[in-house]
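Visitor: A single structure is presented below for examination.
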Amino acid sequence: MKTNQLKDRVAIVTGASRGIGRAIAIGLAGKGAAIVVNYATKSAAAEEVVNQILARGGQAVAVQADMKDLAQHERIVAAACKHFGRIDILVNNAAITHRHPFQEATAAAWDEIMGVNLKGVYFLTQAVARVMAPQHTGKIINISSVHDTRAMMNNSIYSISKSGLVMLTKSLALELAEKGIQVNCISPGAIVTDETRDRLSDPAYRDRVLAKIPSRRVGEPEEVVGAVVLLASPESDYITGTTLYVDGGMLL
Ligand code: NAP
């Protein structure tokens, strides 16, 4: 794809200080978009992402906001509008999990995971869509997981949240289509990030994961970026409400 195909576009990437979000922020900036780098707690990591983008001639600003605190969403929207004047792309990437068996799950864990992974996505998207609608253009990209489809042992709340994200994607795509806004979902398989690195370094665990992946390898964060660029660009204007799996064939 062209190097500058997202020139003059403005993108918000939630959870962009590390992992997949970081790769997406740098990848979209590499295609010319100005980036709002959202993070929760790790300001130095977020600033490092901003500095990488600036060093390559791009534009970026870091904004702290906790996705589960709806009052903080306005900071992200305001920063995008103040620094860059519009919002074209929202990548809802931030997510958390607490792994425990179903019998040990707590209501507090449910509220926290759903608060970040689903409620936060729903209401940040609402705030952003209010900016996009008058522009009559916009791309919402939700980062889900293969576990929106495939159940995962001891990770039920996370999997349920990601399954909900697929229906959130379809529902908002239906309502926002006539406003020129496309809403799509990308579901990665096993990707090496801070969230998964320790477990994947255990040979027995890694072998069990690789046995489920026809490509026989785990993915790197940068391997999710191509799908995001496609769904952020005009080439995908007739694609909405869909989920694209980036998983080395894991769901096969
Ligand atoms: P990660 O390495 O754990 O990074 C999480 C990011 O989310 C960080 O930037 C973190 O910010 C931010 N974050 C956490 N809680 C937040 C909150 N309450 N508000 C705002 N930001 C918050 O995660 P990852 O592995 O890259 O995963 C990224 C996305 O891909 C998630 O949606 C995840 O479900 C999905 N995914 C990952 C995999 C995988 O194998 N890694 C597979 C399938 C799907 P701080 O740095 O400030 O803490």
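The values are calculated or read from the model by the stated rules, or taken from the named source; none is laboratory data. Because the structure is a prediction, the values reported are computed rather than measured. Backbone-built Cβ (ideal geometry, glycine too); neighbour counts: all protein chains shown. Heads up: the accessible areas ignore ligands, DNA and RNA and are worked out on the full protein's heavy atoms, side chains in. Shrake-Rupley method; radii C 1.70, N 1.55, O 1.52, S 1.80 Å.
Visitor: Compute the angle between helix 73-84 and the longest alpha-carbon principal axis of the chain, please, reported from 0 to 90 degrees and rounded to the nearest 10.
Guide: 40
Visitor: Still on this structure, I have one more. Against the longest principal axis of the chain, how steep is helix 43-55, in degrees 0 to 90 to the nearest 10, with axes from Cα atoms?
Guide: Approximately 50 degrees, to the nearest ten.
Visitor: So what are the ³J(HN,Hα) numbers for the stretch 229-242, from phi and the Karplus equation (6.51, -1.76, 1.60; θ = phi - 60°), rounded to whole Hz, Gly and Pro as x?
Guide: These are the phi-based 3J(HN,Hα) values: 4, 4, 6, 8, 9, x, 4, 10, 4, 9, 9, 8, x, 9 Hz.
Visitor: Accessible area of the stretch 1-78 with a 1.4 Å probe: how many percent of it is carbon plus sulfur?
Guide: Answer for the stretch 1-78 is 49 percent, counting heavy atoms of protein chains only.
Visitor: Using the Cα centre of the stretch 10-246 as origin and beta-carbon charges of +1 (Lys, Arg) and -1 (Asp, Glu), tell me which of G115, V13, I239 is placed farthest towards the positive end of the dipole.
Guide: It is I239, whose Cα lies furthest towards the positive end.
Visitor: Right, here's the next one. Not counting ligands, DNA or RNA, and with a 1.4 Å probe, what is L54's accessible surface area in Å² rounded to the nearest 10?
Guide: 80
Visitor: Please list, or write none, the lysines whose alpha carbon is within less than 21 Å of the alpha carbon of K170, excluding same-chain residues fewer than 8 places away.
Guide: Within the straight-line limit of under 21 Å, K170 reaches these lysines: K119, K139, K162, K179.
Visitor: Continuing with the same structure: Considering only protein heavy atoms, what per residue accessible area in square angstrom results for the stretch 175-222 with a 1.4 angstrom probe?
Guide: 55
Visitor: With an 8 Å cut-off on Cα pairs and a minimum separation of 6 or more residues, tell me the relative contact order of the stretch 1-126 in percent.
Guide: In percent, rounded to a whole number, it is 26.
Visitor: Right, here's the next one. Counting only residues 5 or more places away or on other chains, whose amide H sits under 5 Å from the amide H of G219 once H atoms are built in the peptide plane?
Guide: A190, I191, V192
Visitor: Can you give the log10 of the normalised intensity I(q)/I(0) at q = 0.07, 0.16 Å⁻¹, computed with Debye over equal Cα scatterers of the chain?
Guide: Debye intensities relative to I(0), on a log10 scale: -0.21, -1.19.
Visitor: Let me ask something else about it. Normalised by the residues of the stretch 10-246, what does the relative contact order come to in percent, with Cα pairs under 8 Å and at least six apart?
Guide: Reported as a whole number, the value is 19 percent.
Visitor: For the chain, with only Lys/Arg (+1) and Asp/Glu (-1) charged at the beta-carbon, what is the dipole magnitude about the Cα centre, in debye rounded to 20?
Guide: The dipole magnitude comes to about 320 debye.
Visitor: Report the chymotrypsin sites (Phe, Trp or Tyr not before Pro) located in the stretch 188-252 that are in a DSSP loop and have at most 12 other Cβ atoms inside 10 Å of their Cβ, or state none.
Guide: Hits after loop and neighbour filter: Y238.
Visitor: What distance in nm separates the simple spin-label points at L252 and A78, each placed 7 Å from Cα in the Cβ direction?
Guide: 5.0
Visitor: Ok, one more. Ranked from highest to lowest mean number of other Cβ atoms within 10 Å per residue, what is the order of the peptides 32-38, 162-168?
Guide: Per-residue mean Cβ counts within 10 Å order the peptides as 32-38, 162-168.
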